[in-house]
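Chemist: What follows is a single structure, and I will ask about it in a moment.
Any read-out appearing in this document is the output of simple, stated calculations on the displayed coordinates, not a laboratory observation. Owing to the predicted nature of the structure, the values given are computational and were not obtained by experimental measurement. Cβ placement follows ideal geometry from the backbone for every residue including glycine, while neighbour counts extend to all protein chains displayed.
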Amino acid sequence: MIHTENDQTFLSYGELFSHCAGRCRGAERAIRSRLDKLDAPYSKAMELVADAEHRLATDLAGYAEKGPDNLVCTRVQYTLEESAPAEARSLADALQNVVRVNEQLAEVLSDQADKAALDTLRETLETIGREIEAVNRRISMIRVTARDV
């Protein structure tokens, strides 16, 4: 296999989804690690946030492993962000990291959808992006509702 200077800037969508699933799992762990320090109603609300992020990570990992070949095997020019979200010192930081990770992922998918040549690939990326945005909306609603509890 020939390696070029730009070899590290190309990866498959499968690799991208797998990496993003890992970031979602990290964000989920940051929230779950703080659940036992919370009062019951707020703890339940934050558990819902962690569950939503877990489902997102599972879905992304599923796309990476079992998604259609025209999606997961397609290679794109993209450099993975090596920086992990800031260390969460509090639950508020952990929640902010969850939202930030999801926003970055939705932005990447939107950008890749705009660049996709095939309509089916574009539609799939847009669908996944909308799913991620829906998770963030759910998280926002849970956060707002939890403040009122």
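Chemist: Just rank MET46, MET141, fewest to most, by other beta-carbon atoms within 10 angstrom. Write down the numbers at each step before the final one.
Modeler: On the way: MET46 22, MET141 12.
Final ranking by Cβ density, sparse to dense: MET141, MET46.
Chemist: Restricting to DSSP H runs of at least four residues, report the calculated mean residue ellipticity at 222 nm for the chain, -39500 (n - 2.57) per run over all residues, nearest 500 deg cm²/dmol. Write out the running numbers ahead of the final one.
Modeler: On the way: 5 runs with 106 residues, N = 149.
Here the helix-only value at 222 nm equals -24500 deg cm²/dmol.
Chemist: Can I ask one more? Mind listing the phi-derived Karplus ³J(HN,Hα) values for segment 112-124, rounded to whole Hz, using 6.51, -1.76 and 1.60 with θ = phi - 60°, and x for any glycine or proline?
Modeler: Each residue of segment 112-124 in turn: 5, 5, 4, 8, 5, 7, 8, 4, 5, 5, 4, 5, 5 Hz.
Chemist: Considering the options GLY14, ALA57, ALA106, tell which one lies farthest towards the positive end of the dipole of the chain, charges being +1 on Lys and Arg and -1 on Asp and Glu at the Cβ, about the Cα centre.
Modeler: Of the candidates, ALA57 comes out farthest on the positive side.
Chemist: Work out the length of the dipole vector of the chain about its Cα centre, built from +1 on the beta-carbon of each Lys and Arg and -1 on the beta-carbon of each Asp and Glu, and round it to the nearest 20 debye.
Modeler: My answer is approximately 620 debye.
Chemist: Rounded, prolate or oblate: which fits the chain, taking a ≥ b ≥ c as square roots of the Cα gyration tensor eigenvalues, rounded meaning a/c under 1.5, else prolate when a/b beats b/c?
Modeler: Prolate.
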